[in-house]
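S.K.: Just dropping this structure here.
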Amino acid sequence: GAGVSQSPSNKVTEKGKDVELRCDPISGHTALYWYRQRLGQGLEFLIYFQGNSAPDKSGLPSDRFSAERTGESVSTLTIQRTQQEDSAVYLCASSLTDWSYEQYFGPGTRLTVT
Amino acid sequence: QKEVEQNSGPLSVPEGAIASLNCTYSDRVSQSFFWYRQYSGKSPELIMSIYSNGDKEDGRFTAQLNKASQYVSLLIRDSQPSDSATYLCAVNGKDFNKFYFGSGTKLNVKP
């Protein structure tokens, strides 16, 4: 079946602009995660959604970052007033349930802030 | 102290040898442990999950977990050049749905 999809694959934006990144999880997966990966670094947890429960936003680095998810489907990550340090690959992952923690990743969105 | 520590490498092994990748974690309550493979420019791909002390084998891969020592490892038998990638260790924390990733160990398998 179809895996996790993300769009756009690449985004170049000017400092100060807002960007919106999209994630489509695997159909039937109730849990969805966003991560950030800077060049040569590991993955940094940003936010976690599980069904209709309140999301765990504890990893969002500042109030410029926000994310939404409609039910158990698409999620969007929004970065307002982008800064150069926001340049990274943003990865989305989904897992079947909140107790099946095996995560499957999308291809990522490479964000470059100039 | 980082939640998950890995040697960045690179770890170089000849084709056909056993590659041993190691990971330590800081939170004693962690319950779920994963190994991901990440090729350059690609997203992480799940290889193994392990939840109980001991060994878990899947084909050429064996994951080993020692909760007392807070240590998890991945053995790759009969290493192939196609195994050359960065291997990421992931562990959950006190909030069991929140995962911490190591920075990864780069593995080079030489033909």
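The values are calculated or read from the model by the stated rules, or taken from the named source; none is laboratory data. Everything numeric here is computed off the predicted structure, so don't read it as measured data. Virtual Cβ from ideal backbone geometry, glycine too; neighbours counted across all protein chains shown. In case anyone asks, the SASA skips ligands and DNA or RNA and just uses the protein heavy atoms, side chains included. Shrake-Rupley method; radii C 1.70, N 1.55, O 1.52, S 1.80 Å.
S.K.: Please indicate, with yes or no, whether at least one residue in segment A:21-34 is in contact (Cβ under 8 Å) with a residue 40 or more places away in the chain, under 23 Å from B:Q6 (Cα atoms) and open to solvent by less than 10 Å² (accessible area, probe 1.4 Å).
M.R.: Yes, the conditions are met somewhere in segment A:21-34.
S.K.: Now for a different question. Is one or more of the residues making up segment A:42-56 more than 12 Å from chain B (Cβ to nearest Cβ) and charged (D, E, K, R)?
M.R.: No: segment A:42-56 contains no residue that is more than 12 Å from chain B (Cβ to nearest Cβ) and charged (D, E, K, R).
S.K.: Could you say whether any residue in segment B:11-30 is within 14 Å of another protein chain (Cβ to nearest Cβ), surrounded by fewer than 14 Cβ atoms within 10 Å (Cβ to Cβ) and at pLDDT below 95?
M.R.: No, the conditions are met nowhere in segment B:11-30.
S.K.: Could you count how many residues in segment A:78-93 are open to solvent by 30 Å² or more (accessible area, probe 1.4 Å) and under 23 Å from B:K42 (Cβ atoms)?
M.R.: Of the residues in that region, 1 qualify.
S.K.: Now, a different point. Any residue in segment B:92-104 that's more than 18 Å from B:N22 (Cα to Cα): show its pairings with residues that are modelled with pLDDT under 85 and open to solvent by 10 Å² or more (accessible area, probe 1.4 Å) at Cβ separation under 8 Å, as long as the two are six or more apart or on different chains.
M.R.: B:F96/A:Y101; B:N97/A:D98; B:N97/A:Y101
S.K.: In addition: For segment A:62-77, state whether one or more residues are buried (at least 17 other Cβ atoms within 10 Å of the Cβ), farther than 24 Å from B:V91 by Cβ and either among the charged types (D, E, K, R) or modelled with pLDDT of 95 or more (or both).
M.R.: Yes, the conditions are met somewhere in segment A:62-77.
S.K.: Just the residues that are in a strand (DSSP E or B) and either of a type in the set (A, V, I, L, M, F, W, C) or under 14 Å from A:F65 (Cβ atoms) (or both), please, taken from segment A:1-32.
M.R.: Matches in segment A:1-32: A:V12, A:V19, A:E20, A:L21, A:C23, A:A31, A:L32.
S.K.: Return the total of residues in segment B:53-67 being free of Cβ contacts under 8 Å to residues at least 24 places away in the same chain, open to solvent by less than 80 Å² (accessible area, probe 1.4 Å) and in a loop (DSSP other than H, G, I, E, B).
M.R.: Selection size over segment B:53-67: 2.
S.K.: Is it the case that B:S49 is within 14 Å of chain A (Cβ to nearest Cβ) and open to solvent by 10 Å² or more (accessible area, probe 1.4 Å)?
M.R.: no
S.K.: A further question follows. Are any residues in segment A:40-91 without any contact (Cβ under 8 Å) to a residue 12 or more places away in the chain, over 15 Å from A:C23 (Cα atoms) and assigned to a strand (DSSP E or B), and if so, which ones?
M.R.: Of everything in segment A:40-91, just one residue is without any contact (Cβ under 8 Å) to a residue 12 or more places away in the chain, over 15 Å from A:C23 (Cα atoms) and assigned to a strand (DSSP E or B), namely A:D56.
S.K.: For B:K94, all conditions in the list (1) over 24 Å from A:G40 (Cβ atoms); (2) within 14 Å of another protein chain (Cβ to nearest Cβ); (3) in contact with a Ser or Thr (Cβ under 7 Å, 6 or more places away or on another chain) hold save one; what is the number of the exception?
M.R.: (3)
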